[in-house]
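**Student:** Got a structure for you, written out below as structure tokens; questions coming shortly.
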Amino acid sequence: MTPSSIFDRDPSSWTDLQEMVGRLFEEMGCKVEIGKTVPNVRGAKEIDVYVRDVSITPNAIYLCECKYWARSVPQEIVHAFRTVMTDTGAHRGYIVSKAGFQSGAYEAAANTNIDLVTFAELQETFSDRWRIAMGERLKPYTDIFFPYWDPSGGRVLTFKWGREHVERQQKLIKAYRPMLMLRPFSDKRRYEAWFPIILPAINERGEFEGETVINGYRQLYDFIEFSLPIALYHFQVLHGEVKPDRMPGEYVPFLPPEQFLS
């Protein structure tokens with residue numbers, strides 16, 4: 001996987017490719033339908049991934065044709081897809097091929113609103129937008145954690161801290177450092193993380209044990225989302241806000257900010 005990869009694996013089948021393409025657009029805030037049947041002048045056509053981009057006004061429609069073939073896509077496929085694009089009035093089309101395209105296919109797509117891409121190229125095309133969208137989705141949580149790790153405007157201590165409290169605070173900040181990256185990730189300017197990211201790991205008893213290694217953006221966002229309730233628990237225990245018997249022993253589902261602290 002490259003730094004611009006959105007996923008940390010390749011599709012394993014045609015249906016997997018469809019699902020991953022759909023998930024890419026969905027995580028950017030688009031409305032997605034897999035296998036949607038649309039009318040055309042010859043009757044109807046099933047679209048592998050039908051996307052409505054609701055982030056712009058008026059909304060834009062993108063059609064995605066997924067080809068999990070061992071051979072490169074010929075120009076006939078592009079000609080057929082151009083007809084579908086015209087009949088449906090879609091704004092942009094993507095043919096996503098596992099094995100690339102023949103030269104005639106590129107000629108057929110020239111000067112059209114159709115992009116011929118591999119799955120890796122599709123990810124590269126949308127890597128910045130996806131990064132920003134994921135950062136925006138998780139950014140509200142930075143306000144929840146900010147008081148715990150900001151030394152100037154942080155939490156008012158309810159008891160006198162000793163050296164061990166300060167040291168644990170510093171270790172917790174290192175262990176959950178990716179959460180400090182949420183604001184830069186949601187910035188529209190280019191921001192890149194340096195991988196691998198190596199963090200101190202905390203076991204279910206709250207002890208520091210081993211390391212967590214993050215090798216890409218997908219793993220990074222998964223780590224942040226999974227760690228949100230556990231990280232909050234550790235900081236609350238340190239600050240004496242909860243007793244150390246509420247430690248979640250299993251994965252806690254992702255909650256919106258208004259439910260997170262309830």
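Only the coordinates and a few stated rules stand behind these numbers; no lab work does. What you see is a predicted model, and the numbers here were worked out from it, not measured in a lab. Cβ coordinates were reconstructed from backbone atoms using ideal geometry, including for glycine residues, and neighbour counts include every protein chain displayed.
**Student:** Would you mind working out the magnitude of the charge dipole of the chain relative to its Cα centre, with +1 at each Lys and Arg C-beta and -1 at each Asp and Glu C-beta, to the nearest 20 Debye?
**Tutor:** 480 debye
**Student:** Could you state the angle between the C-alpha long axis of helix 119-138 and the longest principal axis of the C-alpha atoms of the chain, as a value from 0 to 90 degrees rounded to the nearest 10?
**Tutor:** Here the helix axis deviates by roughly 40 degrees.
**Student:** Once the Cα atoms of helix 14-27 and of the chain are each reduced to a long axis, what angle between those two axes, in degrees from 0 to 90 to the nearest 10, is obtained?
**Tutor:** Compared with the principal axis, the helix lies near 60 degrees.
**Student:** Please turn the phi angles of segment 88-101 into ³J(HN,Hα) values with the Karplus equation 6.51 cos²θ - 1.76 cosθ + 1.60 (θ = phi - 60°), one per residue in order, whole Hz, x for glycine and proline.
**Tutor:** 8, x, 5, 7, 7, x, 10, 9, 9, 10, 5, 10, x, 9
**Student:** Ok, one more. In degrees between 0 and 90, to the nearest 10, how far off the longest principal axis of the chain does helix 217-238 point, with axes built from Cα atoms?
**Tutor:** 20 degrees
**Student:** Turning to a different aspect of this structure: If I take all pairs of Cα atoms in segment 69-166, what percentage of them are more than 18 Å from each other? Working shown, then result.
**Tutor:** Working: 3078 of 4753 pairs.
Tail fraction, whole percent: 65.
**Student:** Return the inverse of the average 1/r over all pairs of distinct C-alpha atoms in segment 14-126, which is the Kirkwood hydrodynamic radius, in Å to one decimal.
**Tutor:** By the Kirkwood definition, the hydrodynamic radius is 14.1 Å.
**Student:** Write down the percent of antiparallel bridges among all DSSP beta bridges whose residues are both part of the chain, to the nearest 5.
**Tutor:** Of the beta bridges lying entirely in the chain, close to 65 percent run antiparallel.
**Student:** Can I ask one more? Tell me, which longest segment in the chain has none of the GluC sites (Glu not before Pro) that fall in DSSP loops with at most 15 further Cβ atoms within 10 Å?
**Tutor:** Segment 1-191 is the longest.
**Student:** Roughly how far apart, in whole Å, are the Cα centres of segment 170-185 and segment 196-234?
**Tutor:** Using only Cα atoms to place each centre, the spacing works out to 10 Å.
**Student:** Tell me the label-point distance for the pair Ile144, Asp187, using the 7 Å Cα-to-Cβ offset, in nm and rounded to one decimal.
**Tutor:** If labels sit at Ile144 and Asp187, their model points lie 2.4 nm apart.
**Student:** Run the reach check for Lys36 against lysines, Cα to Cα strictly under 27 Å, same-chain hits fewer than 8 apart removed. What comes back?
**Tutor:** Lys45, Lys67, Lys98
**Student:** Could you size up the charge dipole of segment 14-126 around its Cα centre, putting +1 on the beta carbon of Lys and Arg and -1 on that of Asp and Glu, and report it in debye to the nearest 20?
**Tutor:** Dipole of segment 14-126, to the nearest 20 debye: 260 debye.
**Student:** Here is a further query. When we measure straight from the Cα of Lys243, which lysines land under 22 angstrom away, once same-chain ones fewer than 8 places off are left out?
**Tutor:** Answer for Lys243, where 22 Å is the Cα cut-off: Lys160, Lys171, listed by chain and number.
**Student:** Now for a separate question. Averaged over all directions, how much area does the convex hull of the C-alpha atoms of the chain cover when projected, in nm²?
**Tutor:** Average projection, Cα convex hull of the chain: 17.3 nm².
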